[in-house]
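Heads up: the structure comes next, in structure tokens.
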Amino acid sequence: MAIARSLGLLLFLLLGSDETTEGPRNVCLFKEAHVYDNFDLNDIAKCFTKCGQLGDSSCDVGNLQRYWLNYESYLLENSVETVDMPFVKALIRNISTDISEDLQFSLMPSQIPRQLMQGEDQPTDRVRLPKSLFGALLPGNRSAVRLAITVLNIGSGNVFKGPKLLRDRGSSVLNNRMVGLSVGQRHTTGLSEPVEITFSHQRQLPNMILTCVFWDVAKGDWDSRGCSTELGDERTTCRCDHLTFFALLLRPILDLPTAQILTRISQAGCGVSMIFLAFTMVLYVALRLSLQRFKSEDAPKIHMALSSSLFLLNLTFLINVGSSTQGSPASCGARAAIFHYFLLCVFTWMGLEAFHLYLLAIRVFNTYFGRYFLKLSLLGWGLPALVVIGAGSSNSYGIYTIRNQENRTSLELCWFQKEPALYATVHGYFLVSFLFGVVVLALVAWKIFTLPSVTAGKEQGHTWKSVFTILGLSSLVGMTWGLAVLTPLGLSTIYIFTLFNSLQGVFIFCWFITLYFPRQSATASSSGTARLDQAHSVSQE
């Protein structure tokens, strides 16, 4: 019997050890009752970031939101006075129902909310509670009521973002902060005097709209009903007629008329560019048939590769914008992949233009490469194909929606449906190509403007010729695309970028005419190298 009991105890311990060695629980999918000790709070607060990285399958966003909404009730029920944690700071106080003046509290991010005394300097972030809130709307037989003010840092994930905010690209909650107000655990609405919450921020960007909102528990989303927004240069005041959790939303401005105008400008510019790019390619064929040197020189071939990729990009853009997104997901993904491929080809060939310019004007000597243009072609057409295959294999393509401040659709087209892939394979890819072109163009400009004929002023108007040369070279290395960095400055810069960038084909045609048509007798090295003065006068011949 002793042996049997020993074996039973051993089996119990083994079974118990199996249960304790299970993998760690995923707190972002927790289902147990709400526990608010410091350990659980710190553990669950990590979901504010994890849920944005792991995706919805690893997070129960709705349950997490309910957890933090109920935290304020927990503080009131358990007579907690203050909470001071990195992600949440709260103040709970008893307030007399017959106070004679409004109450103000500071909401500084690094401090626990505190009551401001009369005459004290008002901080940039604060809340004002009208005296009527504590009297008229609460039972008259109570001499005091408990007030809770909570400042919650919701992080950069998907918790408390809501469907509208997640769909509205470029939108965010200001500083990822929510401010919760609760009095007596009552659902308080219809205030005769609104509560005022002041949020401080940097000077408002002209292409962003700031909106005061509250968290609608029933919809699980942000709403602005009952709230007004008073904009200032460096602060915004929200006035709301109820108590709940509040925040200030930042959303880009792009209404339907503006989106339509920009689309029309792009379509017109792309159409004009295609015509001039076609003229450029026809002119190149004519010169290649009539001039022997065009068959051996690499620079005109590189210009034609860039022109061809830009022509095809404009064509696919017009097809993509003009086509409906209501077809099958496969056809939409195919259109997005083709458009992405030619966009990357343009970026790559602009980088190769800069590389060839570097060989001509900066390195100059020892620049012979066997099968030079063939190698450039493999890189210019092959590398984008590899990137597109990688993006397609991760199911990155789909319907891309641009929405206005009322969350109405301004434009839909087949493009990326996953932002990380868009940032990596478009924004990052372009940034590398653009920065390389900027460096090379700056070096070439320095060489041109330090030529003896320029510094000594021997030729009248030589400086202007140098300026036009730099402008012409900038069209080849894609400087017009760099105007995209100015678009956050306002709507006017968006129009400028759209207009000038869509006309890149016109600029290339003008540069090609300037280089080759009047200078058919010019000579250059068939090996692909040139002296600096040749690079200055005839660019990449």
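FYI, it's all coordinate maths here, none of it is from the lab. Please read all numbers here as calculations on a predicted model, not as lab measurements. All Cβ positions, glycine included, derive from the backbone under ideal geometry; neighbour counts span all protein chains shown.
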For this session: Starting from the Cα-Cα distance between residue 386 and residue 175, subtract it from 0.36 nm times their residue separation and give me the gain in nm to one decimal.
Result: 72.1 nm
Problem set entry | Charge context of residue 440, other residues only, Cβ under 14 angstrom, K/R +1, D/E -1 | +1
Problem set entry | Theoretical FRET efficiency, 1/(1+(r/R0)^6), r = Cβ-Cβ of residue 288 and residue 401, R0 60 Å, to 0.05 | 0.85
For this session: Report the extension gain between residue 186 and residue 492 in nm, rounded to one decimal, defined as 0.36 nm multiplied by the number of residues separating them, less their alpha carbon distance.
Result: 105.4 nm
Seminar exercise, completed: Sorted by chain and number, the residues with a modelled amide H under 5 Å from that of residue 158, at a separation of 5 or more or across chains, are 51, 52
For this session: Using a Förster distance of 35 angstrom, determine the FRET efficiency expected from the C-beta separation of residue 318 and residue 467, and round it to 0.05.
Result: 0.55
For this session: Would you mind calculating the gained length between residue 412 and residue 40 on full extension (0.36 nm times residue separation, minus the Cα-Cα distance), in nm to one decimal?
Result: 129.7 nm
Exercise. Going down the list 50/164; 161/219; 131/164; 295/465; 375/465; 131/219, which pairs span over 24 Å between their C-alpha atoms?
Worked result: 131/164; 295/465; 375/465; 131/219
Exercise. Given a Förster radius of 25 Å and the C-beta distance between residue 326 and residue 393 as r, what FRET efficiency does 1/(1 + (r/R0)^6) yield to the nearest 0.05?
Worked result: 0.50
